[in-house]
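**Student:** What follows is a structure written as structure tokens; I'll ask about it next.
Rule-based calculations on the coordinates, nothing more; no lab input. These numbers come from a predicted model, not from an experiment. Don't worry about glycine lacking a Cβ; one is built from the backbone with ideal geometry, like all the others, and counts go over all protein chains shown.
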């Protein structure tokens with residue numbers, strides 16, 4: 001199944017959903033309409049139990065160059081800024097709280113809000129020509145779409161400061177070393193590897209994955225006792241799922257596990 005919107009293409013095949021930003025002539029720069037289309041697509045996928053994993057990518061040779069700044073020079077009141085940012089924030093929340101695996105496949109530029117969008121994925125697979133940049137300072141802006149929250153949690157606060165304040169480019173290999181990218185592959189291989197990983201993750205327990213994702217999202221905000229209580233409650237839910245029963249039966253029969261992380265070939 002494939003659904004074409006103005007700026008977003010959604011396809012679903014054998015449990016794997018693919019969301020493609022389709023504005024290649026502008027390096028997939030995000031507009032308000034694109035943000036709304038992405039959020040609406042995520043909401044429809046969340047309501048579809050047949051969807052087991054999500055691949056997020058960009059059309060052409062770039063992931064996303066950030067928010068469309070073509071009209072940013074126009075005078076605007078602060079209240080209007082808040083109203084314009086709201087659709088982007090709603091998109092970010094929908095992506096960050098999506099209860100199934102999200103893999104970002106990044107080629108070319110992931111700048112500004114495009115970098116923020118990629119950071120919200122569970123895993124990021126990059127091509128060797130991918131470039132990342134918190135470009136906000138270049139035009140007098142602050143990081144948005146959650147970047148000030150996600151980036152320090154990945155690279156640490158001192159390195160996040162340096163990346164944000166300098167507004168410099170981060171290469172694919174540096175992104176790999178910093179833990180931003182999970183893997184880096186040649187440009188003719190990265191998307192196939194992202195699809196391979198997404199298809200493997202389609203076999204994970206969606207119940208256990210969603211619960212684990214929620215636990216990890218709050219891990220820096222609660223104390224150990226609270227986290228232990230959360231783990232116990234989540235385990236009580238996971239343990240009673242049909243997936244656990246099927247997995248245990250396969251283990252007893254000495255059959256391969258339903259879910260295995262794909263080996264890099």
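**Student:** Calculate the spin-label point distance for residue 69 paired with residue 2, positioning each point 7 Å from the Cα along the beta-carbon direction, and give it in nanometres.
**Tutor:** That separation, rounded to one decimal, is 3.4 nm.
**Student:** Separate question: Simple spin-label model, 7 Å along Cα-to-Cβ: residue 235 to residue 123 in nm?
**Tutor:** In this crude label model, residue 235 to residue 123 measures out at 2.5 nm.
**Student:** A further question on this structure: Give, in nm to one decimal, the length gained when the segment between residue 154 and residue 13 is fully stretched (0.36 nm per residue of separation minus the Cα-Cα distance).
**Tutor:** Gain in length upon complete extension: 47.7 nm.
**Student:** What value, in deg cm²/dmol to 500, does the helix sum -39500 (n - 2.57) over DSSP H runs of n ≥ 4 give at 222 nm once divided by the residues of the chain?
**Tutor:** -14000 deg cm²/dmol
**Student:** Which whole-number percent is the relative contact order of segment 130-256 (Cα, under 8 Å, 6+ apart)?
**Tutor:** The value is 19 percent.
**Student:** Percent antiparallel among DSSP beta bridges with both residues in the chain, to the nearest 5?
**Tutor:** The antiparallel proportion sits near 35 percent.
**Student:** Can you give the extra length, in nm with one decimal, that the chain gains between residue 259 and residue 187 once fully stretched, where that is 0.36 nm per residue apart less the Cα-Cα distance?
**Tutor:** 23.2 nm
**Student:** With a 10 Å radius around each residue's Cβ, average the other Cβ atoms per peptide and rank 244-253, 128-137, 163-172, 103-112, highest first.
**Tutor:** Ranked by mean Cβ neighbours within 10 Å, highest first: 103-112, 128-137, 163-172, 244-253.
**Student:** So if we plug the beta-carbon distance of residue 165 and residue 89 into 1/(1 + (r/R0)^6) with R0 = 25 Å, what FRET efficiency do we get, rounded to 0.05?
**Tutor:** Between residue 165 and residue 89 the formula returns 0.65.
**Student:** Where a ≥ b ≥ c are the square roots of the eigenvalues of the C-alpha gyration tensor, would you call segment 107-265 rounded, which needs a/c under 1.5, or, failing that, prolate if a/b is larger than b/c, or oblate?
**Tutor:** Oblate.
**Student:** With each label point set 7 Å from Cα along the Cα-Cβ vector, what nm distance links residue 221 and residue 251?
**Tutor:** 3.2 nm
**Student:** Right, next: Which shape class applies to segment 206-252: rounded if a/c is under 1.5, otherwise prolate when a/b exceeds b/c and oblate if not, where a ≥ b ≥ c are the square roots of the Cα gyration tensor eigenvalues?
**Tutor:** Here segment 206-252 falls in the prolate category.
**Student:** Also, quick follow-up: If I take R0 = 25 Å and measure r between the Cβ atoms of residue 33 and residue 81 in this structure, what FRET efficiency does the formula 1/(1 + (r/R0)^6) give, to the nearest 0.05?
**Tutor:** That gives a FRET efficiency of 0.90.
**Student:** Could you tell me how far the Cα centroid of segment 52-67 sits from the Cα centroid of segment 143-213, in Å?
**Tutor:** Using only Cα atoms to place each centre, the spacing works out to 13 Å.
**Student:** Going by average Cβ density within 10 Å per residue, which order do the peptides 146-154, 232-240, 113-121 take, highest to lowest?
**Tutor:** For the peptides 146-154, 232-240, 113-121, the packing ranking is 113-121, 146-154, 232-240.
**Student:** Which whole-number percent gives the relative contact order of the chain, counting Cα pairs below 8 Å spaced six or more residues apart?
**Tutor:** Averaging sequence separation for qualifying contacts and normalising by length gives 16 percent for the chain.
**Student:** Then there's this: Which of rounded, prolate, oblate describes segment 174-265, given a ≥ b ≥ c as roots of the alpha-carbon gyration tensor eigenvalues and a/c under 1.5 marking rounded, otherwise prolate only if a/b is larger than b/c?
**Tutor:** oblate
**Student:** In Å and from the alpha-carbon atoms only, list the Rg and Dmax of segment 106-150.
**Tutor:** Computed over the Cα atoms of segment 106-150, radius of gyration and Dmax are 10.5, 30 Å.
**Student:** Hey, another quick one. Take the Cα of residue 243, step 7 Å along the line toward its Cβ, and report every residue of segment 188-213 whose backbone nitrogen sits under 13 Å from that point.
**Tutor:** Answer for segment 188-213: 200-213.
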